[in-house]
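Trainee: For reference, the structure I am asking about is given below.
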Amino acid sequence: KASPRIRQVIGSAIQHLHDWARENELTVDEWMAGVELINEAGRMSDDRRNEGQLVCDVLGLESLVDEITYKLATDASDAPTASAILGPFWRKDAPQRAMGDTIVSGIENGDNTWMHGQVTDYLTGKPIEGAELDIWHTAPNGLYEQQDPDQPDMNLRGRFTTGKDGKYEIYCLRPTSYPIPFDGPAGKILQLLDRHPYRPAHIHFIVTAPGYKPIVTQIFDRRDKYITDDAVFAVKNSLIVDFEPLKGNPKADFELSYDFRLATY
Ligand code: DHB
Ligand code: FE
């Protein structure tokens, strides 16, 4: 038997879809084009490609749902760290790495970055021990590891666990802006709307800790050309960061400092 919530959500979707069709006097041909787009997204999707999610994302739906779901995590500087969309490229079981390790392998032309900070309780400021940071980002060619046969499996991904001081440090790359895959229905929609497929350079995180609400988020490079024009609408002010030039560290040319603030349940 359908739950009241399911009845409400599906019923309302039907009502809005009917209103939308009436308002626009949708023709059979237009409706069929929409059906074909949905079918094409399904045909393109597998473990490595989530076209249905990409379509939702260029329509702004994942970012809207993120905003609705996590509205309590505000963009204020003393609030818990703001959330941002998961996107289609997270993989489970990224390798667990020792604090201070690098997630970069086999990439010569990257801007190596020393990223560090602390995970704290946003109310008390206390460091959180045993917090896990799951990080992933693209290579300089704009591809995540699972999109790119030239990268080692699980490259540019890792899970790091904080000790007593709640601190973390990770060697990664300063990422670049890149287009979301636009050779399918999501790209078609962008093209029909005269929109570009670029996302500003970003690094993804899922931060979890026992007793705390998990945070799915991304941080964005302030200097990126697309910082105010993300194809999937995920940028929030408090998630914009500065990569500072770093001297005297043979392992990195940039430094990035960022703290994560978690809230208890
Ligand atoms: C999307 C999100 C990403 O983080 C990304 O790298 C590419 C696409 C998306 O929301 O569709
Ligand atoms: Fe991404």
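The values are calculated or read from the model by the stated rules, or taken from the named source; none is laboratory data. On a predicted model such as this, the values are computed, not experimentally measured, just so you know. Because the Cβ atoms are built from the backbone with ideal geometry, glycine has one as well, and the counts that use them run over all protein chains shown. In case anyone asks, the SASA skips ligands and DNA or RNA and just uses the protein heavy atoms, side chains included. Shrake-Rupley method; radii C 1.70, N 1.55, O 1.52, S 1.80 Å.
Trainee: Would you mind telling me which numbered condition in (1) open to solvent by less than 40 Å² (accessible area, probe 1.4 Å); (2) under 23 Å from ASP111 (Cβ atoms); (3) of a type in the set (Val, Ile, Thr) THR176 fails?
Mentor: Of everything listed in (1) open to solvent by less than 40 Å² (accessible area, probe 1.4 Å); (2) under 23 Å from ASP111 (Cβ atoms); (3) of a type in the set (Val, Ile, Thr), THR176 misses just condition (1).
Trainee: Identify the residue in the range 230-265 that is acidic (Asp, Glu) and not in a strand (DSSP E or B) and, among all such residues, is farthest from the chain's Cα centre (by Cα).
Mentor: My answer is ASP253.
Trainee: So which residues in the range 1-17 are in a helix (DSSP H, G or I) and either closer than 21 Å to VAL58 by Cα or open to solvent by 100 Å² or more (accessible area, probe 1.4 Å) (or both), if there are any at all?
Mentor: PRO4, ARG5, ARG7, GLN8, ALA13, GLN15, HIS16, LEU17
Trainee: Is it the case, given these coordinates, that TRP114 is under 30 Å from GLY211 (Cα atoms), touching a Leu at 6+ places or on another chain (Cβ under 7 Å) and within 16 Å of ligand 2 (Cβ to nearest atom)?
Mentor: no
Trainee: Scan ILE203, ILE189, ILE227 and give me the residue that is open to solvent by 20 Å² or more (accessible area, probe 1.4 Å), among the hydrophobic types (A, V, I, L, M, F, W, C), within 16 Å of ligand 2 (Cβ to nearest atom) and at pLDDT 95 or above.
Mentor: ILE227
Trainee: Still on this structure, please answer the following. Keeping to the range 33-47, report how many residues are surrounded by 13 or more Cβ atoms within 10 Å (Cβ to Cβ) and not in a helix (DSSP H, G or I).
Mentor: Summing the residues that are surrounded by 13 or more Cβ atoms within 10 Å (Cβ to Cβ) and not in a helix (DSSP H, G or I) in the range 33-47 gives 1.
Trainee: A follow-up question, please. Taking the residues in the range 38-69 that are at pLDDT below 95 and more than 17 Å from the chain's Cα centre (by Cα) as candidates, determine which candidate is farthest from TYR212 (Cα to Cα).
Mentor: ASP46
Trainee: Is it the case, given these coordinates, that LEU72 is at pLDDT below 95 and open to solvent by 60 Å² or more (accessible area, probe 1.4 Å)? Steps first, answer last, please.
Mentor: On the way: at pLDDT below 95: yes; open to solvent by 60 Å² or more (accessible area, probe 1.4 Å): yes.
Yes, satisfied.
Trainee: Here are some residues: LYS236, LYS213. Which one is within 30 Å of LEU59 (Cβ to Cβ) and surrounded by fewer than 18 Cβ atoms within 10 Å (Cβ to Cβ)?
Mentor: Exactly one of LYS236, LYS213 is within 30 Å of LEU59 (Cβ to Cβ) and surrounded by fewer than 18 Cβ atoms within 10 Å (Cβ to Cβ), namely LYS213.
Trainee: For the range 129-140, which positions are open to solvent by less than 10 Å² (accessible area, probe 1.4 Å) and more than 16 Å from ligand 1 (Cβ to nearest atom)?
Mentor: ALA131, LEU133
Trainee: Which ones in the range 141-171 are within 15 Å of ligand 1 (Cβ to nearest atom), open to solvent by less than 20 Å² (accessible area, probe 1.4 Å) and of a type in the set (A, V, I, L, M, F, W, C)?
Mentor: The answer is LEU156, and nothing else.
Trainee: Say we look at the range 50-69 and pick out the residues that are surrounded by fewer than 18 Cβ atoms within 10 Å (Cβ to Cβ) and hydrophobic (A, V, I, L, M, F, W, C); which of these is farthest from ligand 2 (Cβ to nearest atom)?
Mentor: For the range 50-69, the residue satisfying everything is ILE68.
Trainee: Filter the range 142-165 down to the residues that are at pLDDT 95 or above and among the polar types (S, T, N, Q) and list them by number.
Mentor: Those that are at pLDDT 95 or above and among the polar types (S, T, N, Q): GLN151, ASN155, THR161, THR162.
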